[in-house]
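K.L.:
Dumping the structure here so I can ask a few things about it.
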Amino acid sequence: MTRHAPGSTALADGAAFDGLPHATLWGSDDAAPLAFAVVDLETTGASATYDRIIEVAVVRLAGGEIVDRYEQLVDPKVNVPPFITGLTGIDNRMVRGKPTFGDVADDVRAALGSLPLVAHNASFDEAFLRHAYARLGQKLTNPKLCTLRLARRLLPRLPTYRLDALTTYFGIKNGKRHRALGDAEATALVLVRLLDLAAERGVETLEGLLALQGSPVGRKPRGVDESVIQALPAAHGVYLLKDADGHVLYVGKSVHVRQRVRDHLRGGSSDQPRLQRRLTRIVDVEGIATGSELEALFLESRLIKRYLPESNTLQRNDRDYPFIRVDAADPFPRLESTRQPPEADDTLLGPFRRSGTVAAAVELLTEQLGLRQCSGPLKPGQSACALLDLGKCLGPCVGAVDRAAYQSAVTRAVDVLEGRETALLAELVERRDALAEAMRFEEAAELRDRIRALEHVIGVEARLRSVADRNLAIVAPSVELAARELFCIRRGQVVSQTRVTRQTRLATIVRALEAAFAERVPDAAILRIAREKVDEMHLLDDWLRRNDARLTVMQVDPSAPGTSAEAVQAAVRTPVARALPSGRARAS
């Protein structure tokens, strides 16, 4: 879709400004002014390699005026993540059925022409376009000009260089923030002001602008431009450290994103050797502000799984998290650690995040209770293995145990793992101590480690079931001092986050609670915890433990969530003590 400024004319296939003499910004009376193609993109994430464009806008600028506009929603053929919808308002419904980038690539190239490609943090937009064209077997060769870098050099005293900060500084209105056309128009108007400032310094050519944006700032030039760092949030959020190709090398979170990134780039990551070794490759940073610490925790976890950054060691791939499974269809089932999707009727525990620990616990219980270790179904006439003679198997393969007795042993194993049976663990501890007293230290140490693995699995299973039983409304402090964050927790998982204030009406809170608990989940679903949710359940539990004194936690009846609304409203209206630098406190 093309839209034109009042009084302007359309640019046919991008040819109107192609071949312009790009020697001066405004030119002489006989020379046409230098033109620019100002670009803004909305995308499904921060990685040009793995994510896709969902909206593109190009604004043409000539002689200090916007002369043409192009904007288009794009179907990325992948889901739009919820945090992107929250930021831009663009959801799957809006892009479904729209043209793909391949469908509009020629139109976008026509809008760009051969003009300098301008964007705010141009490395981001240029990388996405370059990768999008590369997937089509094409190249993008336009010169790249960054308003963020220019602003840092032309306005060195500003506290931040975010686009909204620059529009406020210049008195530019932008009513469509985080939408491609609105941000492209705002960036174009910011560029006009920056060109005026550059001209005052005698920079009046494209070559001069390109040299200016690449000039060092401060005493120690870094791989990441200072203006990019300065534009990062000075509050709760998540950050992505990227290399020159747009690959995400590290995902992190902080209560002060800008300062944390500075610490990283100054070498303050001695406890993270994988990141330390890759600092020289980092040339760009993307920051995403969040409304709370919990939101940052969840977003960090999701982005790590999405991009699998080289420098992150934890939470990289939940697809490897094992379950402990008992096959309900087998009359003589094994206790097994598995990564395979379980059947509906199987007994299932987990998922767990330490596969080696789970394997050790399963092996210990299997041996102690005589469960079979051979795979596959048992067949008539099958011979026994050595484990029967060693007393480590009940021998169902040769009929040494009947089905009822074997099922009793299986039930006991599950009871141990779910914490209902403690006698077996006590027996193992006694055996460990006896081995140590007999000076059989290696055997005692081996049994000690196996007991620890079993205790770990029992503890994690208990913790997961405890978290999964929770239906809560939590009122927490917000980054906005006059507000609170209302988190709704359903069966241990955050299902909504709503910002509320003392002025929020009771009816609004009722609607928020009822919407969060609207879906009716069968009781059987309580027994199943999805791999992709287990990290967030642990993060939620840790967050609740760490912030117990700062939170108001209320139990919610999922069948009548609105009945908790008055308690939520009262918690929102209760003053929260906030620490002052002097150590005093004030209420807000």
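K.L.:
Where does the charge balance sit around VAL38 when Lys and Arg score +1, Asp and Glu -1, over other residues with C-beta under 14 Å from its C-beta?
P.N.:
Once all neighbours under 14 Å are counted, the net charge is -4.
K.L.:
Starting from one equal scatterer on each C-alpha and no solvent at all, send me the Debye-based log10 I(q)/I(0) for the stretch 320-462 at q = 0.11, 0.19, 0.21 Å⁻¹, two decimals.
P.N.:
The calculated log intensity ratios at q = 0.11, 0.19, 0.21 Å⁻¹ are -0.43, -1.19, -1.35.
K.L.:
Can you tell me how the stretch 343-385 classifies by the Cα gyration tensor, rounded, prolate or oblate, using a/c under 1.5 as the rounded cut?
P.N.:
Verdict is oblate for the stretch 343-385.
K.L.:
What does the highest-first list of 182-192, 297-307 look like by mean Cβ count within 10 Å?
P.N.:
Per-residue Cβ counts within 10 Å, averaged per peptide and sorted highest first, yield 182-192, 297-307.
K.L.:
Determine the sum of side-chain charges near THR504: Lys and Arg each +1, Asp and Glu each -1, restricted to other residues whose C-beta is under 13 angstrom from that of THR504. Don't skip to the answer; put the middle values down first.
P.N.:
On the way: positive: ARG484, ARG499, ARG502, ARG505, ARG511, ARG573; negative: GLU480, GLU485, GLU566.
Net charge in that neighbourhood comes out at +3.
K.L.:
Over the chain, what is the mean sequence separation of C-alpha contacts under 8 Å (at least six apart), divided by residue count, expressed as relative contact order in percent? Please list the in-between numbers first.
P.N.:
Values: 999 pairs, mean separation 50.1, N = 588.
Relative contact order here is 9 percent.
K.L.:
Mind ranking 449-459, 36-46 by how tightly packed they are, going by the mean number of other C-beta atoms within 10 angstrom, highest first?
P.N.:
36-46, 449-459
K.L.:
Another one. From the P(r) of the stretch 225-368, could you give the percentage of C-alpha pairs in the tail past 27 Å? Write down the numbers at each step before the final one.
P.N.:
Working: 4063 of 10296 pairs.
Distances greater than 27 Å cover 39 percent of the Cα pairs.
K.L.:
With unit charges on the beta carbons (Lys and Arg positive, Asp and Glu negative) and the dipole taken about the Cα centre of the chain, which residue among PHE441, GLY64, GLY376 sits farthest to the positive side?
P.N.:
Of the options given, the answer is GLY64.
K.L.:
So which of LYS173/LYS533; LYS392/LYS533; LYS253/LYS533; LYS139/LYS173; LYS144/LYS533; LYS379/LYS533 end up more than 30 Å apart by C-alpha?
P.N.:
LYS173/LYS533; LYS392/LYS533; LYS139/LYS173; LYS144/LYS533; LYS379/LYS533
K.L.:
Moving on. Per Stokes-Einstein, at 20 °C and 1.002 mPa s, what whole-number D in µm² s⁻¹ belongs to the stretch 413-566, with the Kirkwood radius over Cα pairs as the hydrodynamic radius?
P.N.:
Result for D is 116 µm²/s.
K.L.:
Now for a different question. Restricting to Cα pairs below 8 Å that are 6+ residues apart, what does the relative contact order work out to for the stretch 320-462? Please round to a whole percent.
P.N.:
23 percent
K.L.:
Determine the sum of side-chain charges near LEU240: Lys and Arg each +1, Asp and Glu each -1, restricted to other residues whose C-beta is under 9 angstrom from that of LEU240.
P.N.:
Local charge sum for LEU240: -1.
K.L.:
Please report the relative contact order for the stretch 232-316, taking Cα pairs under 8 Å with a sequence separation of at least 6, and give it as a percent rounded to a whole number.
P.N.:
Relative contact order, the stretch 232-316: 40 percent.
Read-outs throughout are calculated quantities, based only on the coordinates presented, and are distinct from any laboratory measurement. This structure is a prediction, so every number in the text was calculated from the model and none was measured. All Cβ positions, glycine included, derive from the backbone under ideal geometry; neighbour counts span all protein chains shown.
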